[in-house]
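Worksheet: one structure, shown below.
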């Protein structure tokens, strides 16, 4: 039996000095933020489980954007407003969920 989960698609911006952060480092940043925000995230299976997160598109270094998408899977259904507020409280000023 497969466990039920809830998938969210969030739009966020990346600007300022953090436009120089790589795609992999941005993914690691969101992994830490999800943990600090105490979100009920779904983890991958296997020896080294990681949170189920995906960021699209992967931008080149030095590119700002206000239309990046974060896909996240959670074990529990929470409101969009609460998810946004919890993530933004832990994110740096140059990266914000819209």
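The numbers here are math on the coordinates, done by the rules we state, and not lab data. Quantities reported herein were computed from a predicted structural model and do not represent experimental measurements. So basically every Cβ, Gly included, is an ideal-geometry build from the backbone, and we count neighbours across all protein chains shown.
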Cα→Cβ-extended label distance, 7 Å offset, between residue 77 and residue 4, nm:
0.7 nm
Compute the helix-to-body angle for 23-36: its Cα long axis versus the longest principal axis of the chain, expressed 0 to 90° and rounded to tens.
50 degrees
With just the Cα atoms defining each centre, how far is segment 12-57 from segment 81-98? Give it in Å.
13 Å
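Starting with the fewest neighbours, write out 12, 47 ranked by other beta-carbon atoms found within 10 Å of each beta-carbon.
Working: 12 21, 47 4.
The order, fewest Cβ neighbours first, is 47, 12.
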With Cα springs under 10 Å, the Gaussian network model of the chain assigns the largest mean-square fluctuation among 17, 26, 87 to 17
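Based on the inverse mean of 1/r over its pairs of different Cα atoms, what is the Kirkwood hydrodynamic radius of the chain, in Å?
Computed over Cα pairs of the chain, the Kirkwood hydrodynamic radius comes out at 13.9 Å.
Give me the extension gain from residue 38 to residue 61: residue separation times 0.36 nm, minus the current Cα-Cα distance, reported in nm with one decimal. Display every interim value, and only then the final one.
On the way: separation 23, 0.36 × 23 = 8.28 nm, distance 2.93 nm.
Contour length minus Cα-Cα distance gives 5.3 nm.
Using the count of nearby Cβ atoms within 10 Å as a rough guide to exposure, how do 45, 76, 13 rank from fewest to most?
Values: 45 5, 76 11, 13 16.
Ascending number of Cβ neighbours within 10 Å: 45, 76, 13.
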